[in-house]
Amino acid sequence: MRLIFLGPPGAGKGTLAVTAVEILGVPQISTGAMFRAAASAGTPLGLKARAIMESGSLVDDETTIGLAKERLAQEDARAGYILDGFPRTIAQAEALAGFSAVDKVVNFELPDSVVLERLGGRRVCSSCGFNYHALFNKPKFDGSCDRCGGKVLIRDDDLPEAIQKRLEVYRSQTAPLIDFYRKAGLLVDIDASGPADEVVRNFRSALGL
Ligand code: ADP
Ligand code: ADP
Ligand code: ZN
């Protein structure tokens, strides 16, 4: 199955994707994670992306589309994928339609207040990228990842100023994709406001899994 996860930053897309990957047996493809990996590796792409990410803006469409297209062409994405964080603009969605046919677009619905609560407490493993939350999903040992023992930190773009900017960018650039995909008959809304196990149940029933 070829899915897009669409929703504001902090909606819980990455978190649900971890479970959805197990259910569906397809890879999670996160352009944000790819940009962060490039930034850690210090590649030219990563250095460019780091400054943009820290400001809360979007990396330019041409660069992002190139990255996603290359990743979708890899063997493991043939049987399907979960796109988490791509497309984020109409231009990206139009480009994607030219190189891959998605089956469904899962639209995460939740109030802004919950988004802010999730983003404000987000913690991420600096080694494996696994997500935690300071209140809702703490690592067993403070500051250390359950999965790999890596350091669990606040992301550079989860500071208050960048959070505000990212929400604005979501509303102006990404939210128009809801209508775009609804018109295309691909949109499936899920209530993403509850606890993680409830979101998994809503996802399963919305997709008949
Ligand atoms: P979140 O889930 O909190 O929105 P992501 O990990 O998806 O964060 O993305 C982090 C950052 O990486 C974004 O704020 C943006 O700067 C960049 N980025 C990720 N995906 C895209 C995309 N499709 N287009 C442009 N920039 C992107
Ligand atoms: P996104 O990928 O959409 O930006 P994340 O999956 O990174 O969102 O989730 C943002 C934060 O909210 C993380 O700290 C995560 O642990 C937490 N979180 C995710 N889903 C839920 C949920 N259903 N209930 C409570 N907290 C959640
Ligand atoms: Zn880890």
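The values are calculated or read from the model by the stated rules, or taken from the named source; none is laboratory data. As the structure is a computational prediction, the values presented were derived from the model and not from experiment. Using ideal geometry, Cβ is built from the backbone for each residue, glycine included, and neighbour counts are taken over all protein chains shown.
Structural remarks
- Count - residues of region 146-161 that are modelled with pLDDT of 90 or more, outside any loop (DSSP other than H, G, I, E, B) and either surrounded by 18 or more Cβ atoms within 10 Å (Cβ to Cβ) or away from ligand 2 (no atom under 13 Å from the Cβ) (or both): 2
- Entry remark, region 128-145: residues being loosely packed, with under 15 Cβ neighbours inside 10 Å and either in contact with a Leu (Cβ under 7 Å, 6 or more places away or on another chain) or part of a loop (DSSP other than H, G, I, E, B) (or both) number 7 in total.
- Taken over region 92-135, the residue count meeting the criterion of being under 30 Å from Gly185 (Cα atoms) and either of a type in the set (Phe, Trp, Tyr) or more than 10 Å from ligand 2 (Cβ to nearest atom) (or both) is 22.
- One residue from Gly80, Gly66 being free of Cβ contacts under 8 Å to residues at least 60 places away in the same chain and either farther than 22 Å from Lys165 by Cα or within 16 Å of ligand 3 (Cβ to nearest atom) (or both): Gly66
- In region 53-108, residue nearest to the chain's Cα centre (by Cα) [restricted to those that are in a helix (DSSP H, G or I), of a type outside the set (Asp, Glu) and modelled with pLDDT under 95]: Met53
- Selected residue (criterion: farthest from Pro176 (Cα to Cα)) from residues of region 80-133 that are more than 13 Å from ligand 1 (Cβ to nearest atom) and polar (S, T, N, Q): Ser127
- Residue check, Lys69 touching a helix residue (DSSP H, G or I) at 6+ places or on another chain (Cβ under 8 Å), surrounded by fewer than 19 Cβ atoms within 10 Å (Cβ to Cβ) and within 18 Å of Ile4 (Cα to Cα): yes
- Any chance Val188 is within 26 Å of Ile23 (Cα to Cα), at pLDDT 95 or above and not in a helix (DSSP H, G or I): yes
- Subset of region 40-52 that is in a helix (DSSP H, G or I) and over 17 Å from the mean Cα position of the chain (by Cα) - its residue that is nearest to Cys125 (Cα to Cα): Ser40
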